[in-house]
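Read the structure below first, then the notes.
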Amino acid sequence: MSTTPTRELPTAEAIGEYLAPRLLQRIESARLSRKRFHLGCPTGRTPRPIYAAMARLLSEKPQDVSPLVLVMMDEYLVPTESGFEYAAAENSWSCHHFAHVEIADRLNESLPSKQHLQGESIWFPDPRKPEAYDRRIAEAGGIDFFILASGASDGHVAFNPPGSARNTRTRIIALSEETRRDNLQTFPTFGTLAEVPSHGISVGIDTIASAKEAVMVVWGAAKRLTLDRIRSAERYEPDWPATVIHEVKTREILCDVASSAPQGRP
């Protein structure tokens, strides 16, 4: 059984209220030390309560978030004659759109411009040079804190599918059907599964495991299977990539009551 500490909270919103003050405190500590705070970020449903809670706290008690660097986990890619390129940022389902609109704009809303999270502090891996992302992270001193989320049906984390090796780093990945179906549920504006891109660029398992600290966030009844698989593991298991949480030096699993109820129970 897992030795990773697990904290159960009543709801997804309660997870956000628990984690948001910790992150804002870490950003402030970085500012006082004249450092940057590198936050590994997913997009989608799972982290939304966290970003919302951070924005609410900033509206109540503004603070300087300019030391924050968003180290984004992944992005959808589209094929072109010269290779893969990012999906257009104006698409509401793109990770660029999410990072700027649902994270940066919300955090910045109540702050004066000099305290804003800046656009150049939102990082994405470059599909032309995927390997450069891990170098950039290492040169910056590593990811200070990684927010992680897990696919409900196959345990994918970022775009890493089952079977991903422990030593994988940032790379272009052919997206599994399970990942694409999960993303269709997250962003219904895709319309159909055929409209969900077939490839993405993603940090690897080793990229995640190398973070200084991480939390795996799991909420909702649909995530009971993945929470059970994560908690039953002791180390990384390639057939369920979300078990990477056990490889991070300082780690925690945050779940809600709905996800921790035994499977088959309402």
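The values are calculated or read from the model by the stated rules, or taken from the named source; none is laboratory data. These numbers come from a predicted model, not from an experiment. Counting neighbours? That spans all protein chains shown, and the Cβs are built from the backbone with ideal geometry, glycine included. Ligands, DNA and RNA are excluded from the accessible area calculation, which covers all protein heavy atoms including side chains. Shrake-Rupley method; radii C 1.70, N 1.55, O 1.52, S 1.80 Å.
Just checking, which of Arg181, Arg135 is touching a Leu at 6+ places or on another chain (Cβ under 7 Å), outside any loop (DSSP other than H, G, I, E, B), surrounded by fewer than 18 Cβ atoms within 10 Å (Cβ to Cβ) and on the phi < 0 side of the Ramachandran plot?
Working: Arg135 fails: touching a Leu at 6+ places or on another chain (Cβ under 7 Å).
From the options Arg181, Arg135, the qualifying one is Arg181.
If you check Ala104 against the conditions, is it closer than 21 Å to Val69 by Cβ and modelled with pLDDT of 95 or more?
In short, yes.
Residues that are buried (at least 19 other Cβ atoms within 10 Å of the Cβ), closer than 18 Å to Ala214 by Cβ and among the hydrophobic types (A, V, I, L, M, F, W, C): does segment 73-96 have at least one?
Yes, the conditions are met somewhere in segment 73-96.
Give the residue, chosen from Leu32, Leu23, Leu68, that is among the hydrophobic types (A, V, I, L, M, F, W, C), over 28 Å from Ala152 (Cα atoms) and surrounded by 21 or more Cβ atoms within 10 Å (Cβ to Cβ). Before you say what the answer is, go through the steps one by one.
Values: Leu32 fails: surrounded by 21 or more Cβ atoms within 10 Å (Cβ to Cβ); Leu23 fails: over 28 Å from Ala152 (Cα atoms).
Checking each option against the conditions leaves just Leu68.
Can you tell me which of Ser164, Ser176, Ser121 is in contact with a helix residue (DSSP H, G or I) (Cβ under 8 Å, 6 or more places away or on another chain) and among the small types (Gly, Ala, Ser)?
Numbers: Ser176 fails: in contact with a helix residue (DSSP H, G or I) (Cβ under 8 Å, 6 or more places away or on another chain); Ser121 fails: in contact with a helix residue (DSSP H, G or I) (Cβ under 8 Å, 6 or more places away or on another chain).
Ser164 is the lone residue from the list that is in contact with a helix residue (DSSP H, G or I) (Cβ under 8 Å, 6 or more places away or on another chain) and among the small types (Gly, Ala, Ser).
Report yes if some residue within segment 36-44 is open to solvent by less than 10 Å² (accessible area, probe 1.4 Å) and in contact with a Phe, Trp or Tyr (Cβ under 6 Å, 6 or more places away or on another chain); otherwise report no.
Yes, that holds for at least one residue.
Taking the options Ile253, Ile172, Ile147, Ile143, name whichever one is β-branched (Val, Ile, Thr), closer than 22 Å to Pro79 by Cβ and not in a helix (DSSP H, G or I). Give the steps one after another, and end with the answer.
Numbers: Ile253 fails: closer than 22 Å to Pro79 by Cβ; Ile147 fails: closer than 22 Å to Pro79 by Cβ; Ile143 fails: closer than 22 Å to Pro79 by Cβ.
Among Ile253, Ile172, Ile147, Ile143, only Ile172 is β-branched (Val, Ile, Thr), closer than 22 Å to Pro79 by Cβ and not in a helix (DSSP H, G or I).
Tell me yes or no: at least one residue of segment 16-24 is touching a Ser or Thr at 6+ places or on another chain (Cβ under 6 Å), on the phi < 0 side of the Ramachandran plot and either at pLDDT below 95 or among the aliphatic types (A, V, I, L, M) (or both). Spell out the reasoning first.
In the first step, residues of segment 16-24 are kept if they are touching a Ser or Thr at 6+ places or on another chain (Cβ under 6 Å); the result is none.
Looking through segment 16-24, none of the residues is touching a Ser or Thr at 6+ places or on another chain (Cβ under 6 Å), on the phi < 0 side of the Ramachandran plot and either at pLDDT below 95 or among the aliphatic types (A, V, I, L, M) (or both).
Name, by its number, the condition in (1) outside any loop (DSSP other than H, G, I, E, B); (2) open to solvent by less than 20 Å² (accessible area, probe 1.4 Å); (3) under 27 Å from Arg135 (Cα atoms) that does not hold for Pro197.
(1)
Can you tell me which residue in segment 186-200 is farthest from His97 (Cα to Cα), limited to those that are free of Cβ contacts under 8 Å to residues at least 24 places away in the same chain and not aliphatic (A, V, I, L, M)?
Only one residue fits best here, namely Thr192.
Out of all the residues in segment 72-93, is one or more at pLDDT 95 or above and among the small types (Gly, Ala, Ser)?
There is no residue in segment 72-93 that is at pLDDT 95 or above and among the small types (Gly, Ala, Ser).
Just the residues that are hydrophobic (A, V, I, L, M, F, W, C), in contact with a Leu (Cβ under 9 Å, 6 or more places away or on another chain), open to solvent by less than 60 Å² (accessible area, probe 1.4 Å) and over 21 Å from Ser176 (Cβ atoms), please, taken from segment 218-266.
Initial filter on segment 218-266 (hydrophobic (A, V, I, L, M, F, W, C)): 218-219, 221-222, 225, 227, 230, 233, 240, 242, 244-245, 248, 253-255, 257-258, 261.
Subset that is in contact with a Leu (Cβ under 9 Å, 6 or more places away or on another chain): 218-219, 242, 244-245, 248, 253-255, 257.
From what is left, the residues that are open to solvent by less than 60 Å² (accessible area, probe 1.4 Å) are 218, 242, 244-245, 248, 253-255.
Selection gives Val248, Ile253, Leu254, Cys255.
Inspect segment 138-148 for any residue being closer than 18 Å to Val69 by Cα and open to solvent by 60 Å² or more (accessible area, probe 1.4 Å) and give the result as yes or no. Step through it out loud before you land on a result.
To start, the set of residues in segment 138-148 that are closer than 18 Å to Val69 by Cα comprises 138-148.
Narrowing the set further to residues that are open to solvent by 60 Å² or more (accessible area, probe 1.4 Å) leaves 138-139.
Checking segment 138-148: at least one residue is closer than 18 Å to Val69 by Cα and open to solvent by 60 Å² or more (accessible area, probe 1.4 Å).
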